[in-house]
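Data first, discussion second: the structure below is written as structure tokens.
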Amino acid sequence: MSTRNEDVTRLVKQDYAAGFYTDIEQDRAPPGLNEDIIALISAKKNEPQWLLDARLAAFAQFQRMSEPDWAHLHYPPIDLQSISYYAAPKRKEDGPKSLDEVDPKLLETYEKLGIPLHEQKMLAGVAVDAVFDSVSVATTFKGKLAEAGVIFCSFSEAVREHPELVRKYLGSVVPAGDNYFAALNAAVFSDGSFVYIPKNTRCPMELSTYFRINAMNTGQFERTLIVADEGSTVSYLEGCTAPMRDENQLHAAVVELVALRDANIKYSTVQNWYPGDEQGRGGIYNFVTKRGDCRGANAKISWTQVETGSAITWKYPSCILRGENSVGEFYSVALTNNYQQADTGTKMVHIGRNTRSTIVSKGISARQAQNAYRGLVRILPGAEGARNYTQCDSLLLGDRCGAHTFPYIEVRNPSAKVEHEASTSRISEDQLFYLRSRGIPQEDAVNMIVNGFCKDVFKELPMEFAVEANKLLAVSLEGAVG
Amino acid sequence: MLSINNLHASVAGKEILRGLNLEVKPGEVHAIMGPNGSGKSTLANVIAGRDGYEVTAGEVIFNGKPLLELAPEERAGEGIFLAFQYPVEIPGVNNVYMLKAALNGIRKYRGESELDAVKFLNLVKQKTRLVELKESLLNRPVNEGFSGGEKKRNEIFQMAVLEPKLAVLDETDSGLDIDALRIVANGVNQLRDGERSFVVVTHYQRLLDYIVPDVVHVLAGGRIVKSGPKELALELEQRGYDWVVGQAA
């Protein structure tokens, strides 16, 4: 049967529904990266001296580091001096006390994105922290969470209200000197979310942070810290969008998760940063460090990510499996279209006895996009009986895209079991024709095949978001086959 | 219902069909037989609209409409169904979910409203009995891990749910044991209602013991070289194709 690849690669314009810009008065730092800017950010937030000192120490480390070049990514050097490191919507001195005081324009922005911040309109059972450029603008359902003893607030607020917790855990999973982008973040991070779940508490609702980059020439450097105390459980979701712009914008976030004994953290991401246009102009450079530490026995950390946005994605959500019997999971769908590039995967570091990890990675590339899976499974000598299962599948749409797999496995305990399965397939004309001959229109048929390919990952997402992820994939692939 | 006139079709520049004519009336069952490489599967695929087949001359009219201008999904909407020789596996896509999308795609094409879940499931239940399809296969990914016989039964099951006006069976008997063959044929026979037409492409007369055709055609060298009543199939079984092809040459 002859296949016609030109058919598969014919593309129409894709639609990025979140690409609008909100015209709002900005409080903005001048472009540039130096100690004065860092001091300015710290001062804007009335931070304690210890935090400023930590920022400056991180900056000193950062200046001795160089940008990593090992990833399968190609992009011009990023001029860190041309970026503004702080942008915030102008507001009253102390910030809004309640949602009623939040600028209506901001509320409107989130409404448009389908994230209404009015609690009565919200998805039942999901609390949201909304981060707009460099600051958190609103956190919903705080009262209800407080009844359960759960702390869910912006990072700045956590520094003010819960300094002992922040000081104890900040940088304890991703130290400032961990890598180039993590060091940059530690120096200039502006806001983000903080979560603390007390002992033996099941968080009564899904927690969610919604990140929005709005301002031009601005980087977003948020910091998220989630601490699940002994025996607690939490499910957390992160979503991201940005306006369509011709220039590239930098997003360098750090997420730290700490799961103590018997604690369970489920962290899901639906990342839809602006991916750039069909010619590869614009889009977010997404350089993110995410790591979870299973510090106690029987702790579990599960990462689920659906990555459809960004011009460049560089991201490896990882698990340090320290506690005995602790469990790490990584479920990922990374879709790249047009000129998008993704180098993403995970690290599972087995330290404790009988630690287990599962990796399921699904990469989809369309048009000229490049998609790389990079994973490390490291079994240390003390990890008696450790187990890992890795499944890594790539799906290609068209014949100009690429899928690359870089699995690293280091085993230093002979009792460990490590399994790795990988496959690469092309969306086949036979499958498409089969579905179409049954009466299913072409685009629906493509979406059906792609969603089928991603099923193992989507089933790990919280219900409401699995539906969203399905739709997002359909939009991101619109016209990818034609 | 189906009218094929002087059809010429090529695959990768090689002409396979060379002036094929075929006329199928409502309710008729036509068997297409012929040696390997004569163009039987090409004919089935051209009717259903698979990519990669270039029609260089001729026309295919289906219920008064020129079929060749339509996309495969539109042809399904018009009432054409192809039972595949090699049914395709689609990992992660639930069999029934796919079928519901297909049925609703067809209904939408016809300007009908979507079938609700309850009505659809009742329909599915009823049709599974027709081909003795295990219910456990319904919620498995399409054809994935199905045995050869299960795949073919699944094709007939889909046909039963989609209720086409014209069904083209492309070597549905290949790879079936005798019991599976009987079940599949039985399913087809139950769908014969005096209105629905069938084009049954097969290598062997055996299938035609179960699905009794109104007309048997011999396809050779890209053309129909002989047509006759069902007894022709028996004669072919005994004497092979050479005498027919020789006659035609």
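The values are calculated or read from the model by the stated rules, or taken from the named source; none is laboratory data. Every value quoted in this text rests on a predicted model; they were computed, and no experiment measured them. Every residue, glycine as well, gets a Cβ built from its backbone with ideal geometry; the counts of neighbours run over all protein chains shown.
Here A:G282 passes the criteria (1) crowded, with 22+ Cβ neighbours inside 10 Å; (2) at pLDDT below 95 except the one numbered (1).
Condition check for B:V11 on (1) at the interface with chain A (Cβ under 8 Å from one of its Cβ atoms); (2) in contact with a Gly (Cβ under 6 Å, 6 or more places away or on another chain); (3) modelled with pLDDT under 95: one failure, at (2).
Of all residues in the stretch A:432-448, those that are more than 7 Å from every other protein chain (Cβ to nearest Cβ) and closer than 18 Å to A:S365 by Cα have Cβ atoms under 9 Å from Cβ atoms of residues that are of a type in the set (G, A, S) and surrounded by 24 or more Cβ atoms within 10 Å (Cβ to Cβ), 6 or more apart or on another chain, in A:L432/A:A445; A:E443/A:A480; A:V446/A:A480. Scanning the stretch B:14-51 for residues that are small (G, A, S) and more than 12 Å from chain A (Cβ to nearest Cβ) turns up B:G19, B:G27, B:A31, B:G34, B:G37, B:S38, B:G39. Cβ-Cβ distances below 7 Å connect the following pairs, each with a first residue in the stretch A:454-468 that is in contact (Cβ under 8 Å) with a residue 24 or more places away in the chain, a second residue that is surrounded by 18 or more Cβ atoms within 10 Å (Cβ to Cβ) and of a type in the set (K, R), and a separation of six or more residues or different chains: A:C454/A:K362; A:V457/A:K362.
Taking the numbered list (1) in contact with a Phe, Trp or Tyr (Cβ under 8 Å, 6 or more places away or on another chain); (2) surrounded by fewer than 17 Cβ atoms within 10 Å (Cβ to Cβ); (3) within 12 Å of another protein chain (Cβ to nearest Cβ) in turn, A:H404 passes all entries but (3). State all residues of the stretch A:34-85 that are in a loop (DSSP other than H, G, I, E, B), over 30 Å from A:N371 (Cβ atoms) and within 24 Å of the chain's Cα centre (by Cα); if no residue qualifies, say none. Hit for the stretch A:34-85 is A:Y85, nothing else. Restricting attention to the stretch B:84-119 and to residues that are assigned to a loop (DSSP other than H, G, I, E, B), hydrophobic (A, V, I, L, M, F, W, C) and within 20 Å of the chain's Cα centre (by Cα), the residue that is nearest to the other protein chains (Cβ to nearest Cβ) turns out to be B:V88. Scanning the stretch A:295-306 for residues that are more than 13 Å from A:I265 (Cα to Cα) and buried (at least 24 other Cβ atoms within 10 Å of the Cβ) yields A:Q305, A:V306.
Pull up the stretch A:407-430, narrow it to residues that are in a strand (DSSP E or B) and within 14 Å of chain B (Cβ to nearest Cβ), then point me to the one that is nearest to A:K347 (Cα to Cα). Out of the qualifying residues, it is A:E421.
In this structure, does A:N325 turn out to be touching a Lys or Arg at 6+ places or on another chain (Cβ under 9 Å), among the polar types (S, T, N, Q), at pLDDT below 90 and outside any strand (DSSP E or B)?
Details: touching a Lys or Arg at 6+ places or on another chain (Cβ under 9 Å): yes; among the polar types (S, T, N, Q): yes; at pLDDT below 90: no; outside any strand (DSSP E or B): yes.
The answer is no for A:N325.
Taking the stretch B:41-60 only, how many residues are charged (D, E, K, R) and under 18 Å from A:Q431 (Cβ atoms)?
Here is the first cut: in the stretch B:41-60, the residues charged (D, E, K, R) are B:50-51, B:54, B:59.
Narrowing the set further to residues that are under 18 Å from A:Q431 (Cβ atoms) leaves B:50-51.
Residues meeting the conditions: 2.
Table: residues versus (1) buried (at least 19 other Cβ atoms within 10 Å of the Cβ); (2) over 28 Å from B:Y53 (Cα atoms).
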site	(1), (2)
B:L133	yes, yes
B:S136	no, yes
B:S174	no, no
B:D177	no, yes
B:E195	no, yes
B:H217	yes, no
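For A:V333, indicate whether it is in a strand (DSSP E or B), modelled with pLDDT under 95, touching a strand residue (DSSP E or B) at 6+ places or on another chain (Cβ under 6 Å) and crowded, with 24+ Cβ neighbours inside 10 Å. It is true that A:V333 is in a strand (DSSP E or B), modelled with pLDDT under 95, touching a strand residue (DSSP E or B) at 6+ places or on another chain (Cβ under 6 Å) and crowded, with 24+ Cβ neighbours inside 10 Å.
Kindly indicate whether B:G77 is touching a Phe, Trp or Tyr at 6+ places or on another chain (Cβ under 9 Å), within 14 Å of another protein chain (Cβ to nearest Cβ), surrounded by fewer than 22 Cβ atoms within 10 Å (Cβ to Cβ) and under 19 Å from B:L162 (Cα atoms).
Yes, satisfied.
Test B:L99 against the criterion of being surrounded by 15 or more Cβ atoms within 10 Å (Cβ to Cβ) and either of a type in the set (A, V, I, L, M, F, W, C) or over 23 Å from B:A185 (Cβ atoms) (or both), and give yes or no. Against the criterion (surrounded by 15 or more Cβ atoms within 10 Å (Cβ to Cβ) and either of a type in the set (A, V, I, L, M, F, W, C) or over 23 Å from B:A185 (Cβ atoms) (or both)), B:L99 qualifies.
Quick one: in the stretch A:387-401, of everything that is in contact with a helix residue (DSSP H, G or I) (Cβ under 8 Å, 6 or more places away or on another chain) and surrounded by fewer than 19 Cβ atoms within 10 Å (Cβ to Cβ), which residue is modelled with the highest pLDDT?
Our first condition is that a residue be in contact with a helix residue (DSSP H, G or I) (Cβ under 8 Å, 6 or more places away or on another chain); within the stretch A:387-401, this holds for A:391, A:393, A:395, A:397-400.
Now restrict to residues that are surrounded by fewer than 19 Cβ atoms within 10 Å (Cβ to Cβ): A:391, A:399-400.
Values: A:Q391: 94, A:D399: 79, A:R400: 85.
For the stretch A:387-401, the residue satisfying everything is A:Q391.
The set of residues from the stretch A:336-348 being part of a strand (DSSP E or B) and over 16 Å from the mean Cα position of the chain (by Cα) comprises just one member, A:M348.
Tallying residues that are touching a residue at least 40 places away in the same chain (Cβ under 8 Å) and crowded, with 23+ Cβ neighbours inside 10 Å within the stretch B:144-153 yields 1. When the stretch A:456-465 is filtered for residues that are surrounded by fewer than 19 Cβ atoms within 10 Å (Cβ to Cβ) and either part of a helix (DSSP H, G or I) or within 7 Å of chain B (Cβ to nearest Cβ) (or both), the ones remaining, listed by number, are A:D456, A:M463, A:E464.
Any idea which of A:E384, A:E443, A:E421 is charged (D, E, K, R) and at pLDDT below 90? Step through it out loud before you land on a result.
Details: A:E384 fails: at pLDDT below 90; A:E421 fails: at pLDDT below 90.
Checking each option against the conditions leaves just A:E443.
Take A:R378 and decide whether it is farther than 22 Å from A:I312 by Cα, surrounded by fewer than 24 Cβ atoms within 10 Å (Cβ to Cβ) and touching an Asp or Glu at 6+ places or on another chain (Cβ under 6 Å).
Numbers: farther than 22 Å from A:I312 by Cα: yes; surrounded by fewer than 24 Cβ atoms within 10 Å (Cβ to Cβ): yes; touching an Asp or Glu at 6+ places or on another chain (Cβ under 6 Å): yes.
Considered against the rule, which asks whether it is farther than 22 Å from A:I312 by Cα, surrounded by fewer than 24 Cβ atoms within 10 Å (Cβ to Cβ) and touching an Asp or Glu at 6+ places or on another chain (Cβ under 6 Å), A:R378 comes out as yes.
Residue-level check: of (1) out of contact with any Leu (no Cβ under 6 Å at 6 or more places or on another chain); (2) more than 8 Å from chain A (Cβ to nearest Cβ), B:V60 misses just (1).
Scanning the stretch A:32-89 for residues that are closer than 20 Å to A:D191 by Cβ and touching an Asp or Glu at 6+ places or on another chain (Cβ under 9 Å) returns A:I41, A:K44, A:K45, A:R55, A:L56, A:F59, A:Y86, A:A87, A:A88, A:P89.
Answer yes or no as to whether A:N248 is at pLDDT 95 or above, surrounded by fewer than 23 Cβ atoms within 10 Å (Cβ to Cβ) and either under 16 Å from the mean Cα position of the chain (by Cα) or on the phi < 0 side of the Ramachandran plot (or both). Spelling it out, it is not the case that A:N248 is at pLDDT 95 or above, surrounded by fewer than 23 Cβ atoms within 10 Å (Cβ to Cβ) and either under 16 Å from the mean Cα position of the chain (by Cα) or on the phi < 0 side of the Ramachandran plot (or both).
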